[in-house]
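This report concerns only the one structure given below.
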Amino acid sequence: MAALLRSCGAGSAKAFAIPRISSRALASVKFVPPLRFQSRPRSFCVKATSSEEEAAKAAAAVADTGAPTIFDKIIAKEIPSTIVYEDEKVLAFRDISPQAPVHVLVIPKLRDGLTHLGKAEEKHSEILGWLLYAAKVVAEKEGILDGFRVVINSGPTACQSVYHLHLHVLGGRQMKWPPG
């Protein structure tokens, strides 16, 4: 967590509102170092570790507390980011741990209970469509319109680590199938 906070420009954990949870739940929370790349020619490859899976489960445990996420801090310009695209509904910025030569996150500016795709309701249909359109705009701006991937991790078994719906726009290299 400290490394994440340092990399995001926050001086300490006090920069974030951390919800109250029981000491038993807190004892089970384990923070992990940033993802490490495996060396492979001309591609990025990352495998999820059990620590990442545990961190995703810990993040899920406090997902619906309403506490501000790191993305809320980025939207408020309290944490610096490299913004690629912004309009009245969404913000797109470079991922601090890129998994491809182009790795941009696209987030809604208003969370509206949409912590992950599994929470989507009919009322979210407009913003969900706008997020996909913004992903296309980002791909165009980044020069990868001829081939890119959009990924949404939803929930702890998908290793979602920030509970503010976000799309990963990945490109700039040959993608493989199947992913993950």
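The values are calculated or read from the model by the stated rules, or taken from the named source; none is laboratory data. Just so it is clear, the structure is predicted and the values come from calculations on it, not from any experiment. Note: ideal-geometry Cβ built from the backbone for every residue, glycine included; neighbour counts use all protein chains shown. Keep in mind that these areas ignore ligands, DNA and RNA; they rest on the heavy atoms of the full protein, side chains included. Shrake-Rupley method; radii C 1.70, N 1.55, O 1.52, S 1.80 Å.
Points to keep in mind about this one:
- Top-ranked residue in the range 159-180 [being open to solvent by 40 Å² or more (accessible area, probe 1.4 Å) and over 12 Å from the mean Cα position of the chain (by Cα); ranked as nearest to VAL104 (Cα to Cα)]: GLY172
- Each residue in the range 82-106 was checked for being surrounded by fewer than 19 Cβ atoms within 10 Å (Cβ to Cβ), without any contact (Cβ under 8 Å) to a residue 60 or more places away in the chain and farther than 16 Å from VAL162 by Cα, and 7 of them qualify.
- Qualifying residues in the range 48-76 (those that are assigned to a helix (DSSP H, G or I), in contact (Cβ under 8 Å) with a residue 12 or more places away in the chain and small (Gly, Ala, Ser)) - the one nearest to GLN160 (Cα to Cα): ALA56
- Hey, GLU126 more than 23 Å from PRO156 (Cα to Cα), acidic (Asp, Glu) and either in contact with an Asp or Glu (Cβ under 6 Å, 6 or more places away or on another chain) or assigned to a helix (DSSP H, G or I) (or both) or not: yes
- ILE79 open to solvent by 20 Å² or more (accessible area, probe 1.4 Å) and either more than 15 Å from VAL162 (Cβ to Cβ) or not in a helix (DSSP H, G or I) (or both): no
- Some residue of the range 41-52 being of a type in the set (D, E, K, R) and modelled with pLDDT of 80 or more: yes
- Those residues of the range 114-147 which are more than 16 Å from the chain's Cα centre (by Cα), open to solvent by less than 80 Å² (accessible area, probe 1.4 Å) and either among the aromatic types (Phe, Trp, Tyr) or under 20 Å from ALA76 (Cα atoms) (or both), in sequence order: ILE127, TRP130
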